[in-house]
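Undergrad: The structure follows.
The values are calculated or read from the model by the stated rules, or taken from the named source; none is laboratory data. A quick note: this is a predicted structure, and the numbers were derived from the prediction, not measured. Here the Cβ positions follow ideal geometry from the backbone for every residue, glycine too, while neighbour counts run over all protein chains shown. Just so you know, the surface numbers come from the protein's heavy atoms only, side chains and all, with ligands and any DNA or RNA stripped out. Shrake-Rupley method; radii C 1.70, N 1.55, O 1.52, S 1.80 Å.
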Amino acid sequence: MKQVRPKKNLGQHFLTDLSIAKRIADTVDACPNIPVLEVGPGMGVMTQYLVEKPRPFKVVEIDRESVEYLKQTLFKESAEKSQSQIIEGDFLRMDLREVFDGQQFVLTGNYPYDISSQIFFKMLDNRDLIPCCTGMIQHEVAVRMASQPGNKQYGILSVLIQAWYDVEYLFTVEPNVFNPPPKVQSAVIRMTRNKVEKLGCDEELFKRVVKTAFNQRRKMLRVSLRQMMTTKELQAITDSRFATLRPEQLSIAEFVELTNLIENALCANTRP
């Protein structure tokens, strides 16, 4: 069967180096004994190693040409098996509780660069189902996700993901092992659920505070947070130790503290 043509509109860059494909596939071994879901398998360069692992395994692929290729190659032995293991559809629109009947699973893949952040936000929304997430993404995004406070790469993704997951930057992948080669480096990461069950603040407000603060990351918090508070409410920030800090200086615990401070200010302003 002819090979699948990489499609620019789907952000497809097919990995061609088998040794790297196996290294990425083996990252799921950090979370053994639970099913694995691979996003965007393409022509199955990682899939061939994942399917050999002794655990339930499925792939989700939006590209019909790739689906047909997988059915006629890696899954050709059993039409029934291919129908149960290949999900044709958009990962971002899936109900993840239906994939393995409510069981937890490892999420992995060579993720399309243009939607990788959306994939990880969906992971966060389903963190009770996904104790481990591995895979390959754009190098710049991987660095941001793993960055610590005080680093210029530390930002929205860093805080929101590290609030719930421990992030490991595993290794860098050069462009020449892809077809077509991307214009940037790639990186392989692994995220493992930490022990946090509750942040200790309003979690929706926490996300809003983090995004608002980093949207003007060069400004002090007493300035950037004006977007979400009245002058009266903002006084609580102005009078606090956070007033002259910038968002990249705050740890996750401090963002939780800041969120509680803001919630108290907002609530106080609504009291008669």
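Undergrad: Can you confirm whether D166 is open to solvent by 40 Å² or more (accessible area, probe 1.4 Å), touching a Ser or Thr at 6+ places or on another chain (Cβ under 6 Å) and under 21 Å from D128 (Cβ atoms)?
TA: yes
Undergrad: OK, next. Answer yes or no: is there a residue in the stretch 247-260 that is modelled with pLDDT under 95 and of a type in the set (D, E, K, R). If you could, list the steps in order and put the result at the bottom.
TA: Here is the first cut: in the stretch 247-260, the residues modelled with pLDDT under 95 are none.
So far as the stretch 247-260 goes, no, none of its residues is modelled with pLDDT under 95 and of a type in the set (D, E, K, R).
Undergrad: Give the residues of the stretch 1-40 that are of a type in the set (K, R) and within 22 Å of P131 (Cα to Cα), sorted by residue number.
TA: Of the residues in the stretch 1-40, the ones of a type in the set (K, R) are 2, 5, 7-8, 22-23.
Answer for the stretch 1-40, where residues must be of a type in the set (K, R) and within 22 Å of P131 (Cα to Cα): K22, R23.
Undergrad: To continue, here is another question. May I ask you to say which residue of R217, R241, R193, R208 is modelled with pLDDT of 95 or more, in contact with a helix residue (DSSP H, G or I) (Cβ under 8 Å, 6 or more places away or on another chain) and basic (K, R)?
TA: On inspection, the qualifying residue turns out to be R208.
Undergrad: Hey, another quick one. Can you tell me which residue within the stretch 16-39, out of those that are of a type outside the set (V, I, T) and open to solvent by less than 30 Å² (accessible area, probe 1.4 Å), is nearest to T172 (Cα to Cα)?
TA: Step one: list which residues in the stretch 16-39 are of a type outside the set (V, I, T), which gives 17-19, 21-23, 25-26, 29-33, 35, 37-38.
From the residues that got through so far, the ones that are open to solvent by less than 30 Å² (accessible area, probe 1.4 Å) too are 21, 25, 31, 35, 37-38.
Numbers: A21: 13, A25: 15, C31: 21, P35: 26, L37: 23, E38: 20 Å.
The extreme case among them is A21.
Undergrad: Inside the stretch 17-48, can you point out the residues that are of a type in the set (V, I, T) and under 23 Å from Q72 (Cβ atoms)?
TA: Listed by number, the residues that qualify are V36, V39, V45, T47.
Undergrad: Only one of these conditions is not met by V159: (1) more than 28 Å from V51 (Cβ to Cβ); (2) touching a Ser or Thr at 6+ places or on another chain (Cβ under 8 Å). Which number is it?
TA: The failed condition is (2).
Undergrad: T108 is checked against (1) out of contact with any strand residue (DSSP E or B) (no Cβ under 6 Å at 6 or more places or on another chain); (2) under 25 Å from N9 (Cβ atoms); (3) among the β-branched types (V, I, T) and fails just one. What number does that condition carry?
TA: Answer for T108: the failing condition is (1).
Undergrad: Can you find a residue that is without any contact (Cβ under 8 Å) to a residue 40 or more places away in the chain, not hydrophobic (A, V, I, L, M, F, W, C) and not in a loop (DSSP other than H, G, I, E, B) anywhere in the stretch 30-41?
TA: Our first condition is that a residue be without any contact (Cβ under 8 Å) to a residue 40 or more places away in the chain; within the stretch 30-41, this holds for 32-33.
Add one more test, that the residue is not hydrophobic (A, V, I, L, M, F, W, C), and what stays is 32-33.
Still in the running and not in a loop (DSSP other than H, G, I, E, B): none.
Looking for residues that are without any contact (Cβ under 8 Å) to a residue 40 or more places away in the chain, not hydrophobic (A, V, I, L, M, F, W, C) and not in a loop (DSSP other than H, G, I, E, B), one finds none in the stretch 30-41, hence no.
Undergrad: Could you tell me whether Q148 is open to solvent by 10 Å² or more (accessible area, probe 1.4 Å), over 20 Å from E248 (Cβ atoms) and not hydrophobic (A, V, I, L, M, F, W, C)?
TA: Here the answer is no, as Q148 does not meet what is asked.
Undergrad: Here is a follow-up. Could you grab the pairs with beta carbons closer than 9 Å, sequence gap of 6+ or different chains, first residue in the stretch 185-210 and under 23 Å from L129 (Cα atoms), second one acidic (D, E) and in a loop (DSSP other than H, G, I, E, B)?
TA: Filtered contacts from the stretch 185-210: R193/D128.
Undergrad: Among the residues of the stretch 99-139, what is the count of those that are within 17 Å of I62 (Cα to Cα), open to solvent by 60 Å² or more (accessible area, probe 1.4 Å) and either of a type in the set (D, E) or not in a helix (DSSP H, G or I) (or both)?
TA: Residues that pass the stated criteria total 1.
Undergrad: Now, a different point. Checking Y49 against (1) outside any loop (DSSP other than H, G, I, E, B); (2) in contact (Cβ under 8 Å) with a residue 40 or more places away in the chain; (3) out of contact with any Cys (no Cβ under 9 Å at 6 or more places or on another chain), which single condition isn't satisfied?
TA: Result: Y49 passes all but (2).
Undergrad: Same structure again: Give the number of residues within the stretch 1-29 that are more than 26 Å from T192 (Cα to Cα) and part of a helix (DSSP H, G or I).
TA: Total meeting the criteria: 3.
Undergrad: Same structure, new question: Give all pairs with beta carbons closer than 8 Å in which a residue from the stretch 138-154 that is farther than 30 Å from F14 by Cβ meets a residue that is open to solvent by 60 Å² or more (accessible area, probe 1.4 Å); count only pairs at least 6 apart in sequence or on separate chains.
TA: P149/Q249; G150/Q249; Y154/R144; Y154/Q148
Undergrad: Any residue at all in the stretch 67-81 that's closer than 24 Å to N126 by Cα and either open to solvent by 50 Å² or more (accessible area, probe 1.4 Å) or hydrophobic (A, V, I, L, M, F, W, C) (or both)?
TA: no
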